[in-house]
Amino acid sequence: MKRKALFTTFLAFLCLGASAQTDEKTFIDNLMSKMTIDEKIGQLNLMSSYDFVSAKTVTGKNENEELISKGQLGAIYGMKDIDRMRAFQAMAMKGRNKIPFFFGMDVIHGLETTYPIPLAMSCSWNPDLVRDYARHAAKEATSLGVNWVFSPMVDVARDARWGRVAEGAGEDPYLGGVMARAYIEGYQGTDGDLSRPDNVIACVKHYALYGAAEAGRDYNSVFLSRQEAFNGYMRPYYEACKAGAGSYMTSFNEFEGIPATANSYLINDVLRGQWGFKGLVVTDATAIKEMTIHGIGDLQEVSARALKAGVDLDMNSKGFIGTLKKSLAEGKVTEADIDRACRRVLEMKWKLGLFQDPYRYLDKKNAKNVYSAEMKANSRKVANECSVLLKNEGNLLPLSPSQKIAVVGPFADDAADMQGSWAMSSHSKESISIFRGISEAVAAAGGKATTAEGSWVVGDSLTESTLVNGLLGFFIPNYKPIPVHQRPLQEMIDEAVASTRDADVIVACLGEANSMNGEGSSRSDISIPEPQEELLRALKATGKPVVLVLTTGRPLTLTWEEKNIPAILCTWSLGDQAGYAIADVLFGKVNPNGHLTMSFPRSVGQCPIYYNHKSTGRPHPDYEPYRKFTSCYIDVLNAPLYPFGYGLSYTSFKYSPVTLSASKMSRNGGTTTASVSVTNTGARDGMTTVQLYIHAQTSTSTRPVKELRAFKKISLKAGETRQVTFALTPDDLKYYNHALQYVCEPGTYDIMVGDNSRDVQTAALTVE
């Protein structure tokens, strides 16, 4: 009887699922049968709220209400005012077809509660932490009416000159893929049920290959072979798809001569065809209109090409609503093309539960989840795993809170610049500066902290004014610019040096302002700006120990700093709780455990620099000086200053040689286990990330000298030893060959394990 009852229940469950699917299809079929062609095209139009920055590049007035009245608006982004959102939704529900909006927003590293920038979060090497961040961010976003987030950015980036490296997971496709999955599972829930009111649609960006922009210059062209694209860049987009991502955003670059927004190979053939993606594809802001500047047609032509290529939503170009009806009449697109895109938009609204309840995300009672104590505590928790200790000569760190500490530099008491780029909704005035974090810690222990600004951010006053005021002036009506360079630089340096007179140690807070990285912020010189460098040299000249706390959204060239400053802590931009998180590390409450996900160059002339490069026919050892007729530089080593995967701790770890369970493996389904023993040889408990790399000694196409294929973050007590194992299968050895076949080839593979890409133990595995 029990078996029969269980079977009956299971059958009923299956029928219910089928019924729900039928209901969705039937509902949308019926709805679309009533819609005019103008109304269908209107669903493909995505516009920003007028008070959002992107809208101002398109229109000089708020035209959204007019578009709604004509049934020509499918979704809105850049709005998080519940009252306004309810008003817009009410307008939509007064329409003939009563089709609700969904609301999008750039939630790059939090909405109102700001977390570390994504590059920093990737340095945790902790996908569980990233998933937890995304879960909290989704909860906060939905509490503000937002049910679609333009995140994660999964572009692999090898060139630190590109400002948008701050928004991604660095230079490695495998790690990028792991982090992409974590973001998707966090935003959309591990069950992928978008009808849950605290789940959001994730939007994977920028599809595709945006991180390979030539010369690291934003919006620039990309020149890659298909083989290199698939081996070096495409994996994170693929992993996000397999994790169930609901939407993708096209990138601004071209690929093989076709802008990504009209690239049918990327969207239809790869994303929708090979990978089976069923969700929405949206353009980046004004990307359709920008294709006219690429020179591939007028607005009508490029709009038709984008639709045929698989784009569903036009963001801010008005190309679809302005031209598709004409293109239909002229036979350049078909009604089936329009129907296909319209259906995808409506399906997403169904999955969000908006047809059942258009106001389900628009309840002010949920405001308790916004910038709450829980959210801020979680931000600090995440930030504690993101800082990377680059140098600690003589164990200068951790500091004692009973010391006298001079906290110096333009970012010492600047809470706003802890936020990082894309933090437009942050509570910057309430966030925690480095000085505040340090001063509160030392006050409780009998120490003393003083501060001084010390220098300008950059040398040119016009540039600094633009950095400080440019974006704010765009956002805030009647904005009054903040004056810069009000005092002579030398006067500021002298004041800072004087403030260190009674100090036991100096904490120099230098690096980049928020606006020096992120979108539209490429740099040709990625050193610490000259005024800050002058300050640092003056602080060094005092003879007191100096700790450099680096605020940045990209790797910087730190050659002088590495030689002259005894301790360097790269904190990136850690968000709301940055000051507390940095103090936690400086005073040893938290043992630093971050590892780099981008290589730090010695000179900008090395860019792009990345660990997984290929060998040339005339290779040169990374750490050996110049030798003619080999692939090297006259004036600098080939090696990065700090390699991918690198990160120090307040303790030390020793790795045993790598052992394999078998020296041979079949490429037709074999498994080999790689093992290494890791010992905490220091006096403190700590965490480290054990990294496994492979290298194919021979292959039919050239392959990188190292490729990350697995990692595990472990915690070890002082003196503890733990065996770490990795199960290797042929899938872990595969790559795309010249014919774009994903294959494991026979041969000998180096299996390398260590705590960074440079310092590894190696064993040989033969694959037959």
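The values are calculated or read from the model by the stated rules, or taken from the named source; none is laboratory data. Fair warning: this is a prediction, and the values are worked out from it, not measured in the lab. Every residue, glycine among them, receives a Cβ derived from its backbone with ideal geometry; neighbour counts consider all protein chains shown.
Can you tell which of Ala304, Ala367 is at pLDDT below 95 and aliphatic (A, V, I, L, M)?
Details: Ala304 fails: at pLDDT below 95.
Criteria check complete, one pass: Ala367.
Can you spot a residue in segment 104-112 that is in contact with a Ser or Thr (Cβ under 6 Å, 6 or more places away or on another chain) and closer than 18 Å to Phe644 by Cβ?
Checked segment 104-112: no residue is in contact with a Ser or Thr (Cβ under 6 Å, 6 or more places away or on another chain) and closer than 18 Å to Phe644 by Cβ.
Return yes or no: is Val222 β-branched (Val, Ile, Thr), surrounded by fewer than 21 Cβ atoms within 10 Å (Cβ to Cβ) and at pLDDT 95 or above?
The answer is yes for Val222.
For segment 200-217, indicate whether the set of residues that are under 30 Å from Thr142 (Cβ atoms), among the small types (Gly, Ala, Ser), outside the structural domain of Glu519 (by TED's automatic domain parsing) and in a strand (DSSP E or B) is non-empty.
yes
Yes or no: segment 139-154 includes at least one residue that is over 13 Å from the mean Cα position of the chain (by Cα), more than 30 Å from Asp81 (Cα to Cα), outside the structural domain of Asp731 (by TED's automatic domain parsing) and of a type outside the set (Asp, Glu).
Within segment 139-154, not a single residue is over 13 Å from the mean Cα position of the chain (by Cα), more than 30 Å from Asp81 (Cα to Cα), outside the structural domain of Asp731 (by TED's automatic domain parsing) and of a type outside the set (Asp, Glu).
What is the one condition in (1) more than 23 Å from Gly617 (Cα to Cα); (2) buried (at least 20 other Cβ atoms within 10 Å of the Cβ); (3) touching a Phe, Trp or Tyr at 6+ places or on another chain (Cβ under 7 Å) that Leu728 does not satisfy?
Evaluating Leu728 over (1) more than 23 Å from Gly617 (Cα to Cα); (2) buried (at least 20 other Cβ atoms within 10 Å of the Cβ); (3) touching a Phe, Trp or Tyr at 6+ places or on another chain (Cβ under 7 Å) leaves (3) as the failure.
When you go through Ile321, Ile288 one by one, which is the residue that is in the same structural domain as Arg217 (by TED's automatic domain parsing), crowded, with 24+ Cβ neighbours inside 10 Å and either in a helix (DSSP H, G or I) or within 28 Å of the chain's Cα centre (by Cα) (or both)?
Ile288
Scan segment 253-285 residue by residue and report those that are aromatic (Phe, Trp, Tyr), surrounded by fewer than 24 Cβ atoms within 10 Å (Cβ to Cβ) and under 23 Å from Ala202 (Cβ atoms). Step through it out loud before you land on a result.
We begin by selecting, within segment 253-285, every residue aromatic (Phe, Trp, Tyr); these are 255, 265, 275, 277.
With surrounded by fewer than 24 Cβ atoms within 10 Å (Cβ to Cβ) added as a condition, the list becomes 255, 265, 275.
Once the filter is applied, which keeps residues that are aromatic (Phe, Trp, Tyr), surrounded by fewer than 24 Cβ atoms within 10 Å (Cβ to Cβ) and under 23 Å from Ala202 (Cβ atoms), segment 253-285 yields Phe255, Trp275.
Return the residues of segment 675-695 that are crowded, with 21+ Cβ neighbours inside 10 Å and under 19 Å from Asp750 (Cβ atoms); say none if nothing qualifies.
Those that are crowded, with 21+ Cβ neighbours inside 10 Å and under 19 Å from Asp750 (Cβ atoms): Val676, Val690, Gln691, Leu692, Tyr693, Ile694.
On the basis of being in contact with a Lys or Arg (Cβ under 7 Å, 6 or more places away or on another chain) and not in a strand (DSSP E or B), does Glu239 make the cut?
Yes; evaluated as a whole, the condition is true for this residue.
Please go through segment 327-349 and pick out each residue that is in contact with a helix residue (DSSP H, G or I) (Cβ under 8 Å, 6 or more places away or on another chain) and either assigned to a helix (DSSP H, G or I) or outside the structural domain of Phe103 (by TED's automatic domain parsing) (or both). Don't jump to the end; show me each part of the working.
Looking only at segment 327-349, we keep the residues that are in contact with a helix residue (DSSP H, G or I) (Cβ under 8 Å, 6 or more places away or on another chain), and these are 327-328, 332-335, 337-339, 341-343, 346-347.
The answer is Ser327, Leu328, Glu335, Asp337, Ile338, Asp339, Ala341, Cys342, Arg343, Leu346, Glu347.
Of the conditions (1) outside any helix (DSSP H, G or I); (2) more than 22 Å from the chain's Cα centre (by Cα); (3) among the small types (Gly, Ala, Ser), Ser303 clears all except one; give me its number.
(1)
Which residues, counting only those in segment 306-318, are under 17 Å from Met249 (Cβ atoms) and not in a helix (DSSP H, G or I)? Steps first, please.
First, the residues of segment 306-318 that are under 17 Å from Met249 (Cβ atoms): 306-307, 309-317.
The answer is Gly310, Val311, Asp312, Leu313, Asp314, Met315, Asn316, Ser317.
Do the conditions hold for Tyr749, that is, is it in contact (Cβ under 8 Å) with a residue 60 or more places away in the chain and closer than 28 Å to Gln227 by Cβ?
On the way: in contact (Cβ under 8 Å) with a residue 60 or more places away in the chain: no; closer than 28 Å to Gln227 by Cβ: yes.
No, not satisfied.
Output the qualifying pairs, or none if there are none: Cβ atoms under 7 angstrom, residues six or more apart or on different chains, first residue in segment 35-60 and acidic (Asp, Glu) and surrounded by 15 or more Cβ atoms within 10 Å (Cβ to Cβ), second residue part of a loop (DSSP other than H, G, I, E, B) and modelled with pLDDT of 55 or more.
Final answer for the pair search is Glu39/Gly71; Glu39/Asn97.
Go through segment 142-158 residue by residue and tally those that are among the aromatic types (Phe, Trp, Tyr) and either on the phi > 0 side of the Ramachandran plot or touching a helix residue (DSSP H, G or I) at 6+ places or on another chain (Cβ under 9 Å) (or both). Give the steps one after another, and end with the answer.
First, the residues of segment 142-158 that are among the aromatic types (Phe, Trp, Tyr): 148, 150.
In the following step, the residues that additionally are either on the phi > 0 side of the Ramachandran plot or touching a helix residue (DSSP H, G or I) at 6+ places or on another chain (Cβ under 9 Å) (or both) were identified as 148.
Selection size over segment 142-158: 1.
What pairs can you find where one residue is in segment 436-464 and modelled with pLDDT of 95 or more, the other is basic (Lys, Arg), and their Cβ atoms are less than 6 Å apart, with a gap of 6+ or different chains?
Correct list of pairs: Lys448/Lys404.
Give the residue that is farthest from Cys509 (Cα to Cα), with candidates limited to residues of segment 425-449 that are surrounded by 18 or more Cβ atoms within 10 Å (Cβ to Cβ) and not small (Gly, Ala, Ser).
Val442
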